[in-house]
């Protein structure tokens, strides 16, 4: 409490001094109190598999920034909370971070439902959330920066690749997903997109499975049946855990990537580390980053993570993946914005974020869009290798601007200007 | 150096029987180093039509991601040694600047097609048979000359038949009517769904014109289609019955342990799923031990894991019984809460000691793949073996319960504790052992589940509902009821799933069970006479 008051007084003093001196650079240089930032990732429950690595990447990045002098000379002090894969608890913990801990910014959430749950809290209390995971779009909040991909930065280029000669010239599409908002919305967009490309209704099938589904015998048999009608590809939005039984069944039933490739939107290096990748060779994934990218920035990033995992004796797998890169980029961009604004106040940082650029591990210089709170990102298609890494077989020559409001969903026409 | 020399000898020996040997054109090869996939596919087609040890070496390297380029020169990498791809000369250690040549799916398909066509000339019968199967499954027009050469000299009847089908599958698209007719006549014996589609296409009318102009060929196509469809539909029906039985056997393995702890002893054990998890992590542990200590016997780690998983889970179960459950007999509500607490503790314990992520439990080779009853209808080995395993566990358990002294004591204690005690049965010890047995069987279930599903701290949560469902539906206190309930639920679930999708199937099954329990609370089979309590 005392610390809070001091910080408050400090801020007030700084603002007064800033106005007096007509230049708040000097004023803030005096403030050496740490900046508190929140980390809101599930460390227990079903999502811990994916989210705990993001927490550790965030802590690693804070350590790196602190070691090089902090943000404007102020150290970052992380406040880590565990919302335990429980969606209402996400909102409670977010409220606690913003009102009790008074953090300047929160890095967190993975599933769309957890983001939807904390959104009203951030809007009510004017907090700032950095969301690092690819998602279905159809959302734009003043209080959120989205550092993962929007559908046009992942799903649509992936399908275009599959329809190209190199992708196998797919004619029939088996859309397979877990039954919740992200797969349903993505598939709605894809269906509209495929139709606009002249794919017939009969050549598209949508199939959903419950969370944690583990018996894919019937579905794989149906894929085979469907594949008899022409060059088929499976587009998988299966979530986390169910991927292992799905891919095992594919391998055991002898469905090879050269016959029916599976393009996945939620399978990255972290997920593959928990599987035997040999039967999966050749299956595909679409992301904005792969660990196998050979850029100097990435080599340093991967090494930093491997060293960190070793140093801390973490149980995480020492591999990097797309959401981890997005977390890393988000934290650095926030740091740059704070330094540009000379303040960690949400309203000032928000303005300073527009147009921020950062040399990302993906080998591209990413830019935060001036208006729509999404990153301009490159799109890459990777084929699974036997060692659980990806060969990048295709990538966009430049970064692509996000379209959070997909033009393939009716009613979004007026929102494209954002 | 020596290793690469030996390798070279091997290739040369293996390929002595190849026809038409020609040196590789370096100009052609160098296109593989470029970024243009069309050119790469053209090179693979060139290699496919020029069989030679060099061509096979290059293609094999591409298939294994072992082809590299260094300043435009193609290298095959073996360990840390490089070989020149065009001449197969050893070049010494791999230079640091070498970059791997990326083979995407399209290229890999072409490479594998070419390799199988080469292998049609192997002197080893098994290799030839496998190559012929591959060619039959995925026939490519560029393979036609090699298939015809192989047909001319092949003596094995089975391989000959496969090659004929492969040839026909290519010639069905021929422009020569006689060739097409001959192809269609043979293709009644194929099970390849793509070929079936081609046959069906012939009979489609476009603007009053059949896609296939000749009525003779059309009649033959009709005939062929009929026999293919009959065979495929029979095989599919068999496969879906099998998948129902297989799901049932998984449910049975998950529920058998509970059939003892809950069914026979009456303990509502919410930590049952975590006992499955203990078994699965024990498998993971044994796998790791085999990897470091006995890598040459790695395939058999699953067998070694069985007793260890049984003992580990039984140990955890007995400790649970001694410390907590024993104090709560006769208070089901407290037992429920306490075991639920234990389950949370066990989950967190696994998370702290093995990490929150799932761990990788590999299938040994004898649990991978499957038998193909007809093309595209495959019964996976792991499911067949798990089906057998669940039956073995069942036999083991019923033997223990009905034929051993421990089983006799267990039944006596659960039927009339006071009387059993008065006759000198050590009821406390029997309780502990019985709970340990139930837990150990859950551990065995965990070994099986690790082969088809995830191994992670939360894995048990997914099975607890299913397990209770099976035991309650089968009738509490009835092992036989559990078996019928598990297999029945499996088959009903799979039938519903193929008819209405997985989500609806799950809902329908749950609703059905709720209604059934309303109507018949004692389950499918009720104990007659004086029941447990």
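The values are calculated or read from the model by the stated rules, or taken from the named source; none is laboratory data. Owing to the predicted nature of the structure, the values given are computational and were not obtained by experimental measurement. Cβ sites come from the backbone with ideal geometry, for glycine too, and all protein chains shown count toward neighbours.
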Members of the stretch A:1-52 that are at pLDDT 90 or above and within 14 Å of chain B (Cβ to nearest Cβ):
A:41, A:42
Failed condition for residue A:186, given (1) more than 14 Å from chain B (Cβ to nearest Cβ); (2) assigned to a helix (DSSP H, G or I); (3) surrounded by fewer than 22 Cβ atoms within 10 Å (Cβ to Cβ), with all others met?
(3)
What do you reckon, is residue B:107 within 14 Å of another protein chain (Cβ to nearest Cβ), assigned to a helix (DSSP H, G or I) and touching a helix residue (DSSP H, G or I) at 6+ places or on another chain (Cβ under 8 Å)?
yes
Within the stretch B:242-255, is there a residue that is free of Cβ contacts under 8 Å to residues at least 60 places away in the same chain, assigned to a helix (DSSP H, G or I), surrounded by fewer than 24 Cβ atoms within 10 Å (Cβ to Cβ) and in the same structural domain as residue B:392 (by TED's automatic domain parsing)?
no
Quick check on my filter: what residues within the stretch B:287-304 are more than 16 Å from residue A:276 (Cβ to Cβ) and either touching a helix residue (DSSP H, G or I) at 6+ places or on another chain (Cβ under 6 Å) or not assigned by TED's automatic domain parsing to the domain that holds residue B:257 (or both)?
B:304
For the stretch B:110-156, how many residues meet the condition of being touching a residue at least 40 places away in the same chain (Cβ under 8 Å) and outside any loop (DSSP other than H, G, I, E, B)?
15
Residues that are free of Cβ contacts under 8 Å to residues at least 60 places away in the same chain, closer than 25 Å to residue A:264 by Cα and not assigned by TED's automatic domain parsing to the domain that holds residue A:136: does the stretch A:385-397 have at least one?
yes
For the stretch B:352-365, check the following and say yes or no: at least one residue is under 26 Å from residue A:279 (Cα atoms), modelled with pLDDT of 90 or more and within 14 Å of chain A (Cβ to nearest Cβ).
no
Single condition residue B:60 does not satisfy, out of (1) crowded, with 19+ Cβ neighbours inside 10 Å; (2) more than 13 Å from chain A (Cβ to nearest Cβ); (3) modelled with pLDDT of 85 or more; (4) touching a strand residue (DSSP E or B) at 6+ places or on another chain (Cβ under 9 Å):
(1)
Whether any residue in the stretch B:88-97 is out of contact with any helix residue (DSSP H, G or I) (no Cβ under 7 Å at 6 or more places or on another chain), within 14 Å of chain A (Cβ to nearest Cβ) and without any contact (Cβ under 8 Å) to a residue 60 or more places away in the chain is what I want to check.
yes
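Yes or no: residue B:474 in contact with a helix residue (DSSP H, G or I) (Cβ under 6 Å, 6 or more places away or on another chain), within 23 Å of residue B:247 (Cα to Cα) and within 14 Å of another protein chain (Cβ to nearest Cβ)?
no
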In this structure, is residue A:341 away from chain B (no Cβ under 14 Å) and over 20 Å from the mean Cα position of the chain (by Cα)?
yes
Quick check: is even one residue across the stretch A:371-384 farther than 27 Å from residue A:190 by Cα and either touching a residue at least 12 places away in the same chain (Cβ under 8 Å) or in the same structural domain as residue A:141 (by TED's automatic domain parsing) (or both)?
no
Hits in the stretch A:267-284 (condition: touching a helix residue (DSSP H, G or I) at 6+ places or on another chain (Cβ under 7 Å) and more than 8 Å from chain B (Cβ to nearest Cβ)):
A:267, A:268, A:271, A:280
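Every residue, every condition in (1) modelled with pLDDT under 85; (2) touching a helix residue (DSSP H, G or I) at 6+ places or on another chain (Cβ under 9 Å), yes or no:
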site	(1), (2)
B:123	yes, yes
B:126	no, no
B:143	yes, yes
B:147	no, yes
B:152	no, no
B:160	no, yes
B:192	yes, yes
B:200	yes, yes
Kindly indicate whether any position in the stretch A:206-213 is farther than 26 Å from residue B:493 by Cα, more than 7 Å from chain B (Cβ to nearest Cβ) and part of a strand (DSSP E or B).
no
On the given criteria, is residue A:358 free of Cβ contacts under 8 Å to residues at least 40 places away in the same chain, over 21 Å from residue A:139 (Cβ atoms) and buried (at least 22 other Cβ atoms within 10 Å of the Cβ)?
no
I'd like to verify a number: residues in the stretch B:176-204 that are in contact (Cβ under 8 Å) with a residue 60 or more places away in the chain and within 10 Å of another protein chain (Cβ to nearest Cβ), how many?
2
